[in-house]
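Here's the structure, in structure tokens; my notes come after.
The values are calculated or read from the model by the stated rules, or taken from the named source; none is laboratory data. Small disclaimer: the values here were computed from a predicted structure and weren't measured. Please note: Cβ atoms are built from the backbone with ideal geometry, for glycine as well, and neighbour counts cover all protein chains shown. Heavy atoms of the whole protein, side chains included, go into the accessibility calculation; ligands, DNA and RNA do not. Shrake-Rupley method; radii C 1.70, N 1.55, O 1.52, S 1.80 Å.
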Amino acid sequence: MNYIRRGNGYYLINGMKIPFQEGDILFINTNDLHRAFETSDLVMDIIMFDPSLLAIDLKYDPGLMRPFREAGVHFGHIITRDVPVCRELGEIFQRMMKEYRVRDDAYMSLIRADLIRFLGLVHRSLKEPLQHVVPMAVKFRGMHALREVLHTMELNLDYSWTLNELAGIAHLSPSRFSALFHQAVGTSPLNYLIQLRLTRAVHLLETTDSKIIGIAEQCGFRNLSNFNRLFKQHIGLSPSELRERSNP
């Protein structure tokens, strides 16, 4: 669940382009291919939860999870700020965030109670996909193939993937695979792979004492100067500058 606290941009969710702005709330299922793009000054809060938290309630009201299970089919992915219920949803969202951050006595019980009301109101409000969603949905078979490729890439970031190898995992031609991937994810397969590797590198730089050259190799960069150039280009800092900032 995403609450847009400031700014605007758009999501690509299973190939659908969904614009959003400050005050909007978006809903994404675990299996949805999704990626957010900033247009200007974007700040969003995100809550992820395991449905098992609501196991007892789902027994009596299984419809609570329908907005996630049927998103993009019978339900839209977004409640915009002009919808009357959005203000109350935003207040509940922020209250859950605060409870989780403070973690005072019985905080999970209070979060669970708020989550039930939140999802009940969402169920009432997200009954049809919204008109301003651009219809670009990727066919189910293609989505399954892309998920398999993404999972394989994430587990093997240090491997020197080629476009032909990635397309082979999806059992598609390189041109068809590239087109489908760009439609669903918003960038090329190899550019997305670079972003995955850099995200992993940031995590390792912030949480380990490993040498920068070792982190570069572990994340699939065989050339240190190329790693430094791409890191600076995408992250805005050099690897050494990020490490210094993380460990003052």
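Does any residue of the range 30-42 turn out to be open to solvent by 30 Å² or more (accessible area, probe 1.4 Å), among the polar types (S, T, N, Q) and within 21 Å of ARG147 (Cα to Cα)?
Scanning the range 30-42, I find at least one residue that is open to solvent by 30 Å² or more (accessible area, probe 1.4 Å), among the polar types (S, T, N, Q) and within 21 Å of ARG147 (Cα to Cα), so the answer is yes.
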Worksheet entry | Those residues of the range 156-202 which are over 24 Å from the mean Cα position of the chain (by Cα) and buried (at least 19 other Cβ atoms within 10 Å of the Cβ), in sequence order | LEU172
Discussion item. Within the range 203-248, take every residue that is touching a Ser or Thr at 6+ places or on another chain (Cβ under 9 Å) and aliphatic (A, V, I, L, M) and give me the one that is most open to solvent (accessible area, probe 1.4 Å).
Written reply: ILE212
Worksheet, complete the sentence: MET65: passes all of (1) of a type in the set (A, V, I, L, M); (2) in a strand (DSSP E or B); (3) touching a Pro at 6+ places or on another chain (Cβ under 9 Å) but (2)
Item to complete: Go through the range 71-101 and give me each residue that's more than 18 Å from the chain's Cα centre (by Cα) and outside any helix (DSSP H, G or I).
Response: VAL73, HIS74, PHE75, THR80, ARG81, ASP82, VAL83, PRO84
Fill in: Condition check for ASP104: in a loop (DSSP other than H, G, I, E, B), among the charged types (D, E, K, R) and free of Cβ contacts under 8 Å to residues at least 40 places away in the same chain
yes
Item to complete: For residues that are at pLDDT below 85 and open to solvent by less than 90 Å² (accessible area, probe 1.4 Å), scanning just the range 67-105, find the one that is nearest to ILE4 (Cα to Cα).
Response: GLY76
Worksheet entry | Qualifying positions in the range 131-148 - in contact with a Leu (Cβ under 9 Å, 6 or more places away or on another chain) and either outside any loop (DSSP other than H, G, I, E, B) or at pLDDT 75 or above (or both) | GLY142, MET143, ALA145, LEU146, ARG147
